[in-house]
Amino acid sequence: MAIRVNPGFINALDRFGKENIQLCYQCGDCSAVCPHADEFYRFPRKPIRLLQMGLEKKLETTLEPWLCYYCGDCSDLCPRDANPGDTMMILRRYLTSVYDWTGLSKKFYTSHWWEFGAVLLIGIFIALLFSVFNPHGIVTTLTPDGGVKVNEMFPVGIVNIGAHIMLISIASFLIANIIHMWYLTLLKDKSLKIPFRLYITNLYQIIVHFFTQKQFSKCKDRSYWFFHWILMSGYVLMFALIVGNLKWFQTEKIYSWYEPQRILGYYSTLGLIAGLVFFSWGRIKKIGQKFKFSHLSDWIFIILLFMTTVSGILLHIFRIEGMPVATYYTYIIHMAVLVPMLCVEVPFSKWSHLAYRPFAIYFAEIKKSAMLIGKKNNL
């Protein structure tokens, strides 16, 4: 079978982030030091070699970039300063654009104005939707506890329906892209015979790696794993609370501190703040290899998440203090930041790796098991 080579691919990849991989002379130090590489998945060396050779289509079928957790050890020890760790990050952005059938991921990662413009346009639309078409306007009637009746100010039933529509839309895009990922990495390889039972016996991999991020623990810097996990858990929990059941989460019982949604909300807020401080400070001070190079998409996500967290905290304060005007405008600002962040970042940009990485590990384990079975049968 003929293999098409794209000699310009390595230069085209610069649109997803600047890399110095031409400096690599395949010494193999990066794969030797990586705590996640094994005999089946030799990264970063293997995908870097495919990149150097211009094997674009072959690279689209690899899972190795997703198995890298960017601890930075490979870049620290690289004798040529080729920075293989950041190249893996760039390849993850590229693969995200490959899986996405809409083409939006590629636009967002390769054009600053596309991502910024999408966030701005969706934010303006949401602000107008909540302000112009709000039937009640500023509700000055307070709850018996003295708080603002935000569920009356913005009809929670209607907002909840909108949240569910957004959830279904985001999930649909992600599911379609993951199916495309499955086709490229497993189904496209006709030489790979995968028994159906492997899909069932390895299914737990998705759940385990999504909720624990335990592969991070193999890296030397455990603090990175801790703050990544606490940020991820706070983000996912808040997403589930707001998009899953806003009516339950947005309770009018202002001073009922023992309400479960209050406890969950405070945990999410603390997790978001701790993670944001850690990752923002790391990127600003460029602490270590993993923070040395930042793509614009990294900063857009951090800024949006920061604005969402701060506006959410202010909204809560204004609400319990019985300040209807401040609550009204802060609620609109909060939703005008939150909605575009979810619509852009989750299915098409930075935060999509939360879905792709667990599935990549799942597919990698299936592929490894299938190869072992094939090897055993050929003995």
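One table, with the values for the structure above:
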read-out	value
Enumerated helices (runs of 4 or more DSSP H) restricted to region 153-245, each holding at least 1 residues that are under 30 Å from G85 (Cβ atoms)	156-182, 204-212, 222-239
Residues of region 70-88 classified as under 22 Å from the mean Cα position of the chain (by Cα) and surrounded by fewer than 23 Cβ atoms within 10 Å (Cβ to Cβ), total	2
Region 78-119: number of residues that are assigned to a helix (DSSP H, G or I) and touching a residue at least 12 places away in the same chain (Cβ under 8 Å)	26
Of the criteria (1) over 15 Å from the mean Cα position of the chain (by Cα); (2) assigned to a helix (DSSP H, G or I); (3) not polar (S, T, N, Q), which one G322 fails	(2)
Verdict on W281 being under 25 Å from I124 (Cα atoms), outside the structural domain of Y94 (by TED's automatic domain parsing) and in a helix (DSSP H, G or I)	no
Breaking point among (1) in contact with a strand residue (DSSP E or B) (Cβ under 8 Å, 6 or more places away or on another chain); (2) of a type in the set (F, W, Y); (3) crowded, with 23+ Cβ neighbours inside 10 Å, for F318	(3)
Which listed residue is modelled with pLDDT under 90, in contact with a Lys or Arg (Cβ under 8 Å, 6 or more places away or on another chain), of a type in the set (D, E, K, R) and not assigned by TED's automatic domain parsing to the domain that holds A171, from D73, D86, D38, D81	D73
Qualifying position, being touching a residue at least 24 places away in the same chain (Cβ under 8 Å), over 17 Å from F318 (Cβ atoms), touching a helix residue (DSSP H, G or I) at 6+ places or on another chain (Cβ under 8 Å) and among the β-branched types (V, I, T), among V159, V139, V150	V159
Test: K253 is surrounded by fewer than 17 Cβ atoms within 10 Å (Cβ to Cβ) and touching a Lys or Arg at 6+ places or on another chain (Cβ under 6 Å)	no
All positions within region 126-144 that are in a helix (DSSP H, G or I) and over 24 Å from the mean Cα position of the chain (by Cα)	A127, L128, L129, F130, S131, V132
Sole residue being in the same structural domain as I361 (by TED's automatic domain parsing) and touching a residue at least 24 places away in the same chain (Cβ under 8 Å), chosen from F226, F196, F211, F173	F173
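The values are calculated or read from the model by the stated rules, or taken from the named source; none is laboratory data. Just so we're clear, the structure is a prediction, and the values are computed from it rather than from any experiment. No Cβ is skipped: glycine too gets one built from the backbone with ideal geometry, and neighbour counts run over all protein chains shown.
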